[in-house]
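To start, the structure itself, in structure tokens.
Just so you know, all these numbers are worked out from the coordinates, no wet-lab data involved. Just so it is clear, the model here is predicted, and its values are computed rather than measured. Reconstructed Cβ throughout: ideal geometry from the backbone, glycine too, with neighbour counts over all protein chains shown.
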Amino acid sequence: RSEETQTEDYLFKIVLIGDSAVGKSNLLARFARDEFYPNSKSTIGVEFQTQKLDINGKEVKAQIWDTAGQERFRAVTSAYYRGAVGALLVYDISRRLTFENIGRWLNELQTHSDMNVVTILVGNKSDLKDAREVTTAEGKSLAEAQGLFFIETSALDSSNVTAAFQTVVKEIYNILS
Ligand code: GDP
Ligand code: MG
């Protein structure tokens, strides 16, 4: 491509973090491949997946990293966070403990990242209405207190999955462009 026709390329590294089994891998599978794994025990082995998004008519690539199950051993490495400009901080609305652990993950993120990482708090498994242990208001309120975006998603029924990733990518784009 010549200099004149060449468009700017954007590649943003985004990390998925949160307790084991909150649905991180399935959020990525749903977003990138429109797939869902009902019985995924651990990670469906990708390190990261690159996905194109259209932001204000510009093609933006999101390189989304999945933990590969490291979080079970509290061993998410600094390499995982390195260079990240966005993060999805995920809990499971049907398991209160995963919400209570959000503070820890936020600390870990802030410790390992040298820049301001655009972060969205994601309450996943919104389809599990009868098993809900964390209200939407509680999620919203924590996000407000910590200066995070907030959304509830379901990787199972697809609700808000694209919106969750899009919110982060759009904000990063707005800041960097
Ligand atoms: P990870 O450890 O955070 O990567 O979690 P996984 O993506 O492996 O999901 C853990 C379990 O939760 C799997 O059995 C998934 O099928 C299930 N799961 C993930 N997302 C959802 C969701 O939105 N709703 C429901 N009902 N189950 C989900
Ligand atoms: Mg996983």
Positive-end extreme of charge dipole, the chain - chosen from 77, 165, 121 (charges on Cβ): 77
Computed label-point distance, nm, for sites residue 158 and residue 78 using a 7 Å Cα→Cβ extension: 4.2
Degrees, to the nearest 10: 24-33 long Cα axis against longest axis of the chain: 40
Dipole in debye (nearest 20) - the chain, about Cα centre, beta carbon charges: Lys, Arg +1; Asp, Glu -1: 380
Partner aspartates and glutamates for residue 125 [C-alpha distance under 13 Å; skip if fewer than 8 residues away on the same chain]: 92, 133, 152, 157
Protection proxy ranking, peptides 21-34, 147-160, average beta carbon neighbours within 10 Å, highest first: 21-34, 147-160
Percent breakdown of C-alpha pair distances by 5 Å bin, ordered from the shortest bin, for the range 90-177: 3, 14, 23, 24, 20, 10, 4, 1, 0
When the convex hull of its Cα atoms is projected in every direction, mean area for the chain (nm²): 10.7
Candidate lysines - alpha carbon under 18 Å from residue 13, same-chain residues fewer than 8 apart omitted: 24, 52, 58, 61, 170
Within a Gaussian network of the chain (alpha carbon springs, distance under 10 Å), most fluctuating of 125, 52, 140: 52
Inter-probe distance in nm under a simple model that places probes 7 Å from Cα toward Cβ, at residue 39 and residue 104: 2.9
